[in-house]
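Worksheet: the structure to be examined is printed underneath.
The values are calculated or read from the model by the stated rules, or taken from the named source; none is laboratory data. Quick caveat: nothing in here was measured; it's all calculated off a predicted structure. Cβ coordinates were reconstructed from backbone atoms using ideal geometry, including for glycine residues, and neighbour counts include every protein chain displayed. Calculation scope for accessible area: heavy atoms of the full protein, side chains included, ligands and nucleic acids excluded. Shrake-Rupley method; radii C 1.70, N 1.55, O 1.52, S 1.80 Å.
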Amino acid sequence: MEIGVKKTIFSPKAIINQKFGSKACYKVEKVQEESTQNGFPGLEIPQKAPLFRCQLELPEFTVVSDICRKKKDAEQSAADLALKRLGHNSVAENPSDKDPCDALIDQIKYLFSDEFPLPLHPLRGHLRAALLRRGDLYGLVPASVIAACDTKTSNLCKLLNPEVELKPFLALSLIMRTIPRLSGCVTSKGQLSIQKQNPYPTEIIESSDIQQSDSSESILVKAIQIPASLDKTVQPVTLHISSAGYYLDVIAEELGVTDASKVFLSRTIGKASSETRLYFAASESLVMDLLSDLANVKDFHVEGPPNARASYFCGQGIYGDAIMASIGYTWRSKELFHEHVSLQSYYRMLISKIPSGIYKLSREAILAAELPSVFTSKANWRGSSPREILCAFCRQHWLSEPIFSVTSVPLKASCELLRSQNKLKVTEVAGLATEYANGGGLNAGDGESVGLESNFKCEVKVFSKGWDLIMECSPKEIYRKQTDATHSASLKVLSWLNAYFKDLGMPLEKLNCSADALDISFSLENFHKEFALSQSIHNVQQSGIQGSKLPESKSTDMQYTLSGQDVCLPNIEGSDSGVFPSNGSLLCISYSVSLLTEGGHAKELIESKDEYEFEMGAGAVISALEAVVTPMSAGQCAHFNMKLPPQEFILAAVDDPGRIHSLLSSEACCLEYHVTLLRVTKPPEERMEQALFSPPLSKQRVEYAVQQIKKSCAATLVDFGCGAGSLLDSLLDYPTSLEKIVGVDISQKSLGRAAKVLHAKLSSKSDAGVKSAILYDGSITEFEPQLCGFDIGTCLEVFIFLL
């Protein structure tokens with residue numbers, strides 16, 4: 001008797017383990033989901049749901065998984081991406097799995113068997129709706145629905161033809177070719193649809209709540225029609241979905257085709273649970289090509305112009321006019337899911353393809369906020385963080401998750417704290433670098449731990465979905481916190497991308513110069529390949545505003561102009577409170593923005609906020625607004641006019657973009673801003689100093705002291721209140737006559753930092769004139785005999801309190 005042996009199917013992680021063993025390193029991090037729609041389908045807004053992302057490091061490369069709800073799923077996702085990059089065909093090369101063609105046949109057969117479907121499988125809703133169709137359409141399920149709603153079918157089609165990822169309609173040809181091999185289980189009536197040949201048993205029909213109804217009740221679903229021609233504007237449409245009908249038949253009618261089998265579906269846009277898709281119609285010639293028996297057909301003739309706007313949203317080839325709608329069957333319920341897609345939703349989705357647009361949406365201040373130019377601190381940053389914005393940008397453009405590589409700035413050796421007369425000696429150190437690298441500390445004086453802070457730098461790489469390197473940012477700056485390094489590097493990438501989207505016709509020389517200034521290198525070929533559609537889409541929106549004019553200013557008391565801002569001089573009202581903003585301070589304002597026609601015939605409120613907080617000098621608001629509030633004091637208000645920004649931002653901010661679009665097209669307009677400065681929170685002294693003085697005063701004082709010490713020809717020096725060793729460190733950068741330097745400070749934490757800095761500098765300078773460097777834990781007000789006899793003493797930026 002023949003005994004069947006159960007086949008073992010290896011997971012992606014198991015295959016990676018077989019190939020690389022311990023050389024494969026998985027790093028799982030907890031992330032926050034950025035996918036709540038907040039009333040606008042497809043928009044990604046940060047959430048607090050605990051999700052996971054995995055970084056898999058292999059000897060030759062590193063990959064980052066998609067965001068998953070479980071750690072193990074994130075690891076499997078990363079392993080699967082690594083296998084794809086290695087060119088490993090997990091189905092064909094795994095001897096325990098079936099041939100992809102056979103697997104696809106079995107899957108289609110299963111989908112139309114009595115055993116399927118699962119109670120809440122999305123395809124079950126389509127099967128129910130198909131059985132409610134009348135006449136020749138009864139029981140017919142469009143092949144495009146099977147490709148879009150069944151994940152296993154979709155993956156098998158991509159495995160057989162990788163082009164399916166970008167041209168989803170190619171999957172239909174693969175699905176239809178399985179029909180002749182299904183032994184009569186299903187049949188197709190010369191259409192891109194499949195029908196179960198044998199009726200479902202009565203118990204399945206009854207359990208599925210399939211009942212014919214003559215009810216005329218209908219669901220009204222708002223959607224968007226996107227014409228293929230860029231000369232035509234997008235328009236709202238309303239889908240009237242009958243309770244006794246099939247919603248895809250309604251979309252087919254809207255697209256001008258006879259039935260749902262000719263309607264193609266894109267992948268979903270936005271979060272994973274979203275049902276927002278693009279729907280477009282197939283031409284007769286394409287239908288015939290897809291039904292062809294030619295097994296090697298890959299390039300089908302597609303009639304009709306490509307729809308650049310629709311393709312830009314979903315990252316797939318869309319042809320002819322398209323409809324964007326949020327409707328379909330989901331895993332969550334057997335009922336038809338639907339929500340409205342408004343014109344405002346459309347334009348918000350459009351600006352979310354731009355870094356500054358993502359930031360504006362996170363602040364809910366589209367016409368006031370701007371992506372900051374610098375990351376000063378987490379405490380002062382408002383809205384989505386630079387890392388979150390960069391990840392959202394990559395998802396919006398169907399790129400791989402960005403890879404962040406944070407490294408510690410290496411020290412050649414560590415410092416050793418010798419407990420002798422309360423002093424720290426940094427010469428003749430053997431090293432405890434590993435202790436500090438692991439977060440350890442050194443015992444000093446009273447037995448407390450002195451921790452030496454590590455410095456960090458972060459490198460960011462952005463890849464296409466096929467893992468072609470698009471850009472790489474390798475900043476030279478180092479930071480005390482890993483998060484600061486990551487956010488600052490992310491912001492550099494975002495700033496460069498933002499500059500590109502603001503000037504899509506930027507010459508190559510200028511693009512290269514801006515990249516060099518931000519420590520960015522990029523592949524021009526891969527960059528243009530991924531963002532080719534951006535120019536045509538956003539240029540269309542920007543060119544839609546012509547004739548923007550500013551009314552003459554009535555201001556008589558302003559003695560300055562806002563150069564280059566296209567802004568009328570502001571009128572400032574209210575008494576001077578004496579509290580003025582400065583760079584680094586936090587400002588809280590209230591504002592309103594209205595659309596004003598030439599001559600003031602019409603005025604429409606577009607955006608307003610009762611309280612809006614931002615950091616002065618960081619570029620966190622549009623430059624015109626920051627220039628206006630600069631001379632204001634707390635309690636004062638001002639109003640000013642400025643030219644219109646790109647049209648997409650205005651239409652994303654208003655509740656009724658259709659009416660505003662008509663107004664923009666018919667008359668010359670400008671924006672009128674009213675702003676009140678509510679309060680000013682002064683910045684910390686150190687950051688204010690850096691903002692007002694360049695270089696900072698502290699650095700100027702150190703440089704002055706160094707020059708005077710060089711002139712003194714002293715051999716020994718003691719620095720009272722040495723802090724983190726800024727003066728002593730600077731002295732080692734110049735040739736001097738000094739042979740012995742000593743620092744004294746009451747702060748053990750500062751002494752720990754000074755020890756690390758001085759040791760690193762002395763270790764790297766074999767020819768340094770300084771032969772001895774000692775740090776004392778002590779007070780400047782207490783006499784210490786070992787500090788007598790020095791040639792020169794210094795005391796910089798020290799407060800002495802004598803009681």
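Surface listing: V145, V406 arranged by accessible area from highest to lowest gives V406, V145, probe 1.4 Å.
With a point put 7 Å past each Cα toward its Cβ, work out how far S779 is from D468 in nm, to one decimal. Label-label distance for S779 and D468, simple model: 6.9 nm. Among the listed pairs K70/K196; K19/K152; K222/K461; K152/K492; K510/K761, those with a Cα-Cα distance over 31 Å are K70/K196; K222/K461; K152/K492; K510/K761.
Using 0.36 nm per residue and subtracting the Cα-Cα separation, the extra length available between S623 and L230 on full extension is 138.4 nm. Once the Cα-Cα distance is subtracted from the 0.36 nm per residue extended length, the A379 to I792 segment shows a gain of 144.5 nm.
Largest accessible area first, the residues E254, E472, E782 order themselves as E782, E254, E472 under a 1.4 Å probe with ligands, DNA and RNA left out. The amide H of I226, built 1.01 Å from its N in the peptide plane, has A322, I323, M324 as neighbours under 5 Å, considering only residues 5 or more places off or on other chains. Computed with a 1.4 Å probe on the full set of protein chains, the accessible area for L508 sits at about 80 Å².
Ordered from highest to lowest accessible area with the whole protein assembly present and a 1.4 Å probe, W496, W331, W398 read as W331, W398, W496. A Förster radius of 56 Å, combined with the Cβ-Cβ distance separating E613 from S11, puts the computed FRET efficiency at roughly 0.70. In terms of distances greater than 24 angstrom between alpha carbons, the cross-link table entries K158/K465; K13/K457; K699/K749; K84/K167; K71/K378 yield K13/K457; K71/K378. Computed with a 1.4 Å probe on the full set of protein chains, the accessible area for E57 sits at about 50 Å². Here region 569-611 is assigned +1 on the Cβ of each Lys and Arg and -1 on the Cβ of each Asp and Glu. Its dipole about the Cα centre then comes out at about 60 debye.
Taking θ as phi - 60° and the Karplus parameters 6.51, -1.76 and 1.60, the scalar couplings of region 642-652 work out to 8, 5, 6, x, x, 4, 4, 6, 5, 5, 6 Hz in sequence order, x denoting glycine and proline.
Sequentially through region 496-503, phi angles give Karplus couplings (6.51, -1.76, 1.60; θ = phi - 60°) of 5, 5, 5, 4, 5, 5, 6, 9 Hz, Gly and Pro residues having no value and appearing as x. Ligands, DNA and RNA aside, K262 has an accessible area near 30 Å² when probed at 1.4 Å. Model label sites at H674 and A602, defined 7 Å from Cα along the beta-carbon direction, differ in position by 2.0 nm. Full extension of the segment from V579 to D516, taken as 0.36 nm per residue of separation minus the current Cα-Cα distance, would add 18.7 nm.
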